[in-house]
Amino acid sequence: MWSETEADPLACPGAGSAERAAPPLPDGFPFGRALCPECTGFVALERSRLAPHDAYRAGDPVEDARRAEWFNSVGWN
């Protein structure tokens with residue numbers, strides 16, 4: 001049986017990675033955030049590095065819909 005003690009840590013190991021802002025959709029989404037290569041969440045940048053963040057977990061329906069639109073428009077690259 002699986003338990004929280006066996007779960008991956010909440011903090012994403014991609015924090016601190018050197019990245020650049022993801023290409024925006026026409027309305028600006030993802031608003032200057034970068035795509036984390038570890039958790040595929042959109043994360044704020046701090047001096048061209050991913051800010052500390054929790055691993056992406058779906059939950060906000062608006063953000064999830066915008067993410068789907070972004071991936072369908074821009075792709076995974």
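The values are calculated or read from the model by the stated rules, or taken from the named source; none is laboratory data. This structure is a prediction, so every number in the text was calculated from the model and none was measured. When we count neighbours, we look across all protein chains shown, and the Cβ atoms used for this are built from the backbone with ideal geometry, even at glycine. The area values use the complete protein model at the heavy-atom level, side chains included, leaving out ligands, DNA and RNA. Shrake-Rupley method; radii C 1.70, N 1.55, O 1.52, S 1.80 Å.
Which sequence of Leu45, Leu50 reflects their accessible areas, 1.4 Å probe, from the largest down?
In descending accessible area the options line up as Leu45, Leu50.
Which cross-chain or sequence-distant (5 or more) residues have an amide H under 5 Å from the amide H of Asp54, H modelled 1.01 Å from N in plane?
Cys12
Farthest toward the dipole's positive end in segment 20-77, which of Ser73, Val62, Pro52, given Cβ charges of +1 (Lys, Arg) and -1 (Asp, Glu) about the Cα centre?
Selected residue: Pro52.
Enter the angle in degrees (range 0 to 90, nearest 10) between the Cα long axis of helix 61-73 and the first principal axis of the Cα atoms of the chain, meaning the one along which they spread out most.
On a 0 to 90 degree scale, this one is about 60.
Figure the gain on full extension for Ala51 and Leu10 (residue separation times 0.36 nm, minus the Cα-Cα span) and round it to one decimal in nm.
On the way: separation 41, 0.36 × 41 = 14.76 nm, distance 1.43 nm.
Length gained, Ala51 through Leu10: 13.3 nm.
Order 17-23, 35-41, 57-63, 69-75 from most to least packed using the mean count of other Cβ atoms within 10 Å. Mind showing how you got there, number by number?
Values: 17-23: 14.0, 35-41: 18.1, 57-63: 9.3, 69-75: 12.1.
By packing density, highest mean first, the sequence is 35-41, 17-23, 69-75, 57-63.
Quick one: which residues, 5 or more positions from Ser17 or on another chain, have an amide H under 5 Å from its amide H? H modelled 1.01 Å from N in the peptide plane, none for Pro or chain starts.
Close amide H contacts, sequence-distant or interchain: Leu50.
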